[in-house]
Amino acid sequence: MIPKLFVCAAAIATCGPLANAKDLPSTEGIVFSKPVLNEADMVSEFGMIENPFRDGIQWHGGIDLAASFSAPVHAPADGIVLFADSETGYGRVVDLKVSEGWVIRMAHLSKIRVRAGDRVEAGHVLGEVGSTGRDVPPHLHLETRFHDKQYDPELMENLSFYESERTPD
């Protein structure tokens, strides 16, 4: 088990104020029907966190899910792949548009299995868990964005991060 202090530094940035459920734009019409991972543990939450690479507390615009290296990363809903490439700090990234304005970002992938413009159904394998970008052990960094503003993925109704918690190695 990876300790709770494990954090992903890739998405540490200076972003807007912490969003809350009251501020969450409508997710009506999005059908989250598949978990993103089969097995995982949440190891870092959305919001202000300790920076693992230097002293201080910084913004973390998503959640981190510890999973086995190369574990398949699934589309949680039908959507269109907007971006599937490398990005500084994030490593290999897939951005999946799941409705007008809403995008799910999955980062630190070891492999990307889709291309920008692909239409995918819920459950489609988008890539594999890795440790690319500026990060620590293998995990998936997951962000939910509405018109490029980050929102806490845990506030997304019916978005399932994993089917079950990982069993100890």
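Bear in mind that the values in this text are calculations on the coordinates, not laboratory data. Not measured: the values here are computed from a predicted model. Every residue, glycine among them, receives a Cβ derived from its backbone with ideal geometry; neighbour counts consider all protein chains shown.
List of remarks:
- Simple spin-label estimate for ASN38 and GLU100 in nanometres, 7 Å along Cα-Cβ: 3.8 nm
- Net charge of the neighbourhood of VAL81, taken over other residues with C-beta under 11 Å away and scored Lys/Arg +1, Asp/Glu -1, is +1.
- Value of D in µm² per second that Stokes-Einstein yields for the range 20-169, Kirkwood Rh from Cα pairs, at 20 °C (1.002 mPa s): 141 µm²/s
- Each eigenvalue of the Cα gyration tensor of the range 82-169, multiplied by 5 and square-rooted, gives one semi-axis; in descending order these are 19, 17, 14 Å.
- Inter-label distance, nm, simple model (7 Å from Cα along the C-beta direction), GLU157/ARG115: 3.7 nm
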